[in-house]
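*Asks:* Quick one: structure below, then a few questions.
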Amino acid sequence: MRSAHREGDTSSLLMERCDPGTELGRAEPEERQDEILSAILRRLWHEPADGHPFRPLQQMCDSWADGYEADPNPRLDLGLAREGVSLFRSLPAGADRTALLPTDLHAGNVLAAERESWLVIDPKPYVGDPTYDPLQHLLNCLDRLNVDPRGVTDRMAGLCGVDPERLRLWLFARCVVESSWWPETADVARLLAPR
C-alpha cells in the first residue's frame, strides 16, 4: 500500500501498513530497545546521493543553540552551559563520516510489523554525524542515564559502532541545550560534563 500527500512545503508518504503496530517502547525493556534501535540505525545510515534535498545537521544544531542562548537554564552553571552550547555548534563539523539521519528515532517511533519485525515512522531527516542519532533514544531513558550515564552511553555507542567519547560529548551538549524546556536533562549534563 502506497499513498502520498502534499500540503504546502510538507509532504508525507505512506509506504506500507504497519500491523500490528505495537510501539517498541511498550513491547520491550529499554536494554532490548537499545539493541533493536542500534540495529535499525546502522541499517539506515547511508551517504546521501549528490543533490539530495535534506538539511544539514549543523543547521538544526545552530538553531537549537540559538534557542538556548535566548532562554538559558538559570539553574545550570554558566561555564557548563557555554561549553555545552559551544560543543553543540562545533560537533557537526567535526564528524569523520556523514550519513542520512532519522534524528528522532526512539522506541515510540518504531512499530512492530509483519514484513520486518520493526519499522520506523516519523523520521525527521538531516544529513550529518551518525553519532548524533542515538541521542533521542538515550534521552528517553533518563532514569538509566541518571544512574550510569557513561555506562549507558558506552553501551549504546558499542551497539551503534560509534565513538563512545564523541557520543558522550553529543549527549552532554544536547542535554545542556534542551535543559531550558526539559529541566531533567540538566542533571545528566552535569554528570557527563567533560573533565
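*Asks:* For n ≥ 4 DSSP H runs only, could you compute -39500 (n - 2.57) per run for the chain, divide by its residues and tell me the 222 nm figure to the nearest 500?
*Replies:* Value at 222 nm, helices only, nearest 500: -14000 deg cm²/dmol.
*Asks:* Test of understanding: ordering Tyr126, Tyr68, Tyr132 by Cβ neighbours within 10 Å, fewest first, what list do you get?
*Replies:* The fewest-first ordering by Cβ neighbours comes to Tyr68, Tyr126, Tyr132.
*Asks:* While we're here: How would Arg17, Arg144 line up from fewest to most surrounding beta-carbon atoms within 10 angstrom?
*Replies:* With the fewest neighbours first, Arg17, Arg144 line up as Arg17, Arg144.
*Asks:* What does the convex hull of the Cα atoms come to per residue for the stretch 3-192, in Å³?
*Replies:* Here the figure is 130 Å³ per residue.
*Asks:* Further question: As I understand it, the dipole of the chain uses +1 on the Cβ of Lys and Arg and -1 on the Cβ of Asp and Glu, about the Cα centre. Which of Leu142, Leu44, Ala70 lies farthest toward its positive end?
*Replies:* Of the candidates, Leu44 comes out farthest on the positive side.
*Asks:* Next up: Quick check: Cα centre of the stretch 124-195 to Cα centre of the stretch 41-60, how many Å?
*Replies:* Answer, in whole Å: 20.
*Asks:* Note down the magnitude of the dipole of the chain about its Cα centre, charges +1 on Lys and Arg C-beta and -1 on Asp and Glu C-beta and zero elsewhere, to the nearest 20 debye.
*Replies:* Numbers: 22 positive and 33 negative charges, 40 e Å.
That gives a dipole near 200 debye.
*Asks:* For a quick size check, give me the Cα extents of the stretch 129-195 along its three principal axes, largest first, whole Å.
*Replies:* Principal extents (largest minus smallest coordinate, Cα): 30, 25, 24 Å.
*Asks:* Might you report the magnitude of the Cβ-based charge dipole of the stretch 14-109 about its Cα centre, with Lys and Arg at +1 and Asp and Glu at -1, to the nearest 20 debye?
*Replies:* In debye, rounded to 20, the stretch 14-109 gives about 120.
Bear in mind that the values in this text are calculations on the coordinates, not laboratory data. Since the model is a prediction, treat every value here as computed from it, not as a measurement. Reconstructed Cβ throughout: ideal geometry from the backbone, glycine too, with neighbour counts over all protein chains shown.
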